[in-house]
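First up is the structure itself, then whatever we jot down about it.
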Amino acid sequence: MLCNVVVPEIGNHVFERAFPYFLCAGLRSGSLPLKRRTGREASRGKGLPFSIAFYHLQKGAVLIVKVTFLEPLGISQEELKAMAGKVLGDRAEIVYYDTRIEDTEGLIERSQGADCVVLSNFKYGRDVISKCPDLKMICVAFTGVDHVDVEYCRERGITVCNCAGYSTVAVADLVFGFIIALARNVIPCDQAVRQGGTKAGLVGYELEGKKLGVVGTGAIGNRVIRIAQAFGCQVYAYSRTKKEIEGVRFVSLDELLETCDIVSLHVPLNDSTRGLIGEEQLRKMKKSAILINTARGPVVDSQALARALKEGVIAGAAVDVFEMEPPVPQDHALFGAPNLIATPHVAFATQQAFEKRAVIVCDNIRKWMDGEPQNLV
């Protein structure tokens, strides 16, 4: 295996070393220490410690870890490289792609030779990972990780980290943009005034005193709760984990749906949340209620939501997420439903959030390289 090595006294060199015979001592990581591997173990990746620090070879030399950014992260290449250089120093070789691709063969090609890859929200499954024998760490520049085959990564001993927290403010902001837009009929008002209309039939309501239900009380759900309280809402919450939050009444999901004027979803996508809101749950809601989904598309049954809006089961909805990443097919069921606001998965996408994300990505990689991985999935 060819390893780029920095030797301060004599500059950059390339050393050819047999991968099964790496030696190390005292690595602090979540993985087993490096050990001599047989040819068969090496070929299958057995015993490979995928949370690695650096291997001091001689006179302070360190192995250069190859970090590949598989797509742009919303800030300029120059900014990202400068940030990575500041945080990682000379310990990493940075490869940056300024275009986004999602095809399997293209991702395999881009990932070759990388010790660590960085990606956001496209599918990165076993079909790609299995073809990347050098891969030791996946840094998901996103909060959700359902698009990455985490179970296979565990089998391979590959460290997976996410960037939880970078979009908390951005997502919560858009939630209330949606709520106010629906409560005050902002889009119909815009259409009316452009057509010479008036406020007739478009009088909305204030948020003060309304009952707002938050499903999922992680970081984003908590921020939504605080903003709702600032608006003077009565806040209800449902969470699998019992919590104590001042001024919040925790209830069952059924009670929340039956009680609240506004329901906002903030759960990850997993087996227990897929289809969490379907026809049965929608029919428990008030006819005057609105539903906000900035979580994950499959948490809500889109067909059932479209029917509920068409039949007046609920008054309105706003969705930022779908069963697929945009572009969404133009014949999607929700696009024919009335009083629906749809956006192309932009809740997380603000300039400030992108900058926060880049910082977390670089810090995740640094901590992993130091043998102290953070934001583990």
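The values are calculated or read from the model by the stated rules, or taken from the named source; none is laboratory data. Since the model is a prediction, treat every value here as computed from it, not as a measurement. Note: ideal-geometry Cβ built from the backbone for every residue, glycine included; neighbour counts use all protein chains shown.
Please identify the pairs in which a residue from region 125-146 that is aromatic (Phe, Trp, Tyr) has its Cβ atom under 6 Å from the Cβ atom of a residue that is at pLDDT 95 or above, counting only partners at least 6 apart or on another chain.
Cβ pairs passing all conditions: Phe142/Ser120.
Which of (1) touching a residue at least 40 places away in the same chain (Cβ under 8 Å); (2) in contact with a Leu (Cβ under 6 Å, 6 or more places away or on another chain); (3) not assigned by TED's automatic domain parsing to the domain that holds Met137 is the odd one out, the single condition Val313 does not satisfy?
All conditions pass for Val313, except number (1).
Identify all residues within region 134-173 that are at positive phi and touching a Phe, Trp or Tyr at 6+ places or on another chain (Cβ under 6 Å); write none if there are none.
Gly157
Given the structure, is Ala358 more than 27 Å from Arg223 (Cβ to Cβ) and crowded, with 18+ Cβ neighbours inside 10 Å? Spell out how you get there, then give the answer.
Working: more than 27 Å from Arg223 (Cβ to Cβ): no; crowded, with 18+ Cβ neighbours inside 10 Å: yes.
For Ala358, the condition - more than 27 Å from Arg223 (Cβ to Cβ) and crowded, with 18+ Cβ neighbours inside 10 Å - is not met.
Among the residues of region 80-99, is any among the basic types (Lys, Arg), at pLDDT below 90 and under 21 Å from Lys356 (Cβ atoms)?
From region 80-99, those among the basic types (Lys, Arg) are 81, 86, 91; that's our starting set.
Now drop any that are not at pLDDT below 90, which leaves 81.
Filter again for under 21 Å from Lys356 (Cβ atoms), leaving 81.
Yes, some residue in region 80-99 is among the basic types (Lys, Arg), at pLDDT below 90 and under 21 Å from Lys356 (Cβ atoms).
Before we move on, is Leu269 over 17 Å from Phe178 (Cβ atoms), in the same structural domain as Lys210 (by TED's automatic domain parsing) and within 21 Å of the chain's Cα centre (by Cα)?
Answer is yes for this residue.
Output yes when any residue across region 238-255 is more than 27 Å from the chain's Cα centre (by Cα) and crowded, with 19+ Cβ neighbours inside 10 Å, and no when none is.
No - not one qualifying residue is present in region 238-255.
Kindly indicate which of Ser167, Ser130 is crowded, with 18+ Cβ neighbours inside 10 Å and among the hydroxyl-bearing types (Ser, Thr, Tyr).
It is Ser167.
Residue by residue through region 120-148, note down the ones that are at pLDDT 95 or above, out of contact with any strand residue (DSSP E or B) (no Cβ under 7 Å at 6 or more places or on another chain) and of a type outside the set (A, V, I, L, M, F, W, C).
Ser120, Lys123, Gly125, Arg126, Asp127, Ser130, Lys131, Pro133, Asp134
State the number of residues belonging to region 92-112 that are touching a strand residue (DSSP E or B) at 6+ places or on another chain (Cβ under 8 Å), among the aliphatic types (A, V, I, L, M) and part of a helix (DSSP H, G or I).
Quick first cut of region 92-112, residues touching a strand residue (DSSP E or B) at 6+ places or on another chain (Cβ under 8 Å) only: 92-97, 107, 110-111.
Subset that is among the aliphatic types (A, V, I, L, M): 92, 94-95, 107.
Next, from what is left, pick out any that are part of a helix (DSSP H, G or I): 107.
Going through region 92-112 one residue at a time, the tally reaches 1.
Out of the residues in region 138-154 that are part of a loop (DSSP other than H, G, I, E, B) and under 13 Å from the mean Cα position of the chain (by Cα), state the one that is nearest to Thr68 (Cα to Cα).
That would be Ala141.
With the condition kept exactly as written, say whether any residue in region 259-272 is crowded, with 17+ Cβ neighbours inside 10 Å and polar (S, T, N, Q). Full working, then the answer.
Taking region 259-272 and keeping what is crowded, with 17+ Cβ neighbours inside 10 Å, we get 259-267, 269.
Imposing the further condition that a residue be polar (S, T, N, Q) reduces the set to 259, 264.
Yes, there is a match, as at least one residue in region 259-272 is crowded, with 17+ Cβ neighbours inside 10 Å and polar (S, T, N, Q).
Which residues, taken from region 300-327, are aliphatic (A, V, I, L, M) and either surrounded by fewer than 19 Cβ atoms within 10 Å (Cβ to Cβ) or more than 25 Å from the chain's Cα centre (by Cα) (or both)?
Correct list: Ala304, Ala306, Ala308, Leu309, Val313, Ile314, Ala315, Met324.
If a residue has to be in contact with an Asp or Glu (Cβ under 9 Å, 6 or more places away or on another chain) and within 23 Å of Thr143 (Cα to Cα) to count, how many in region 296-319 make the cut?
Adding up the residues that qualify gives 5.
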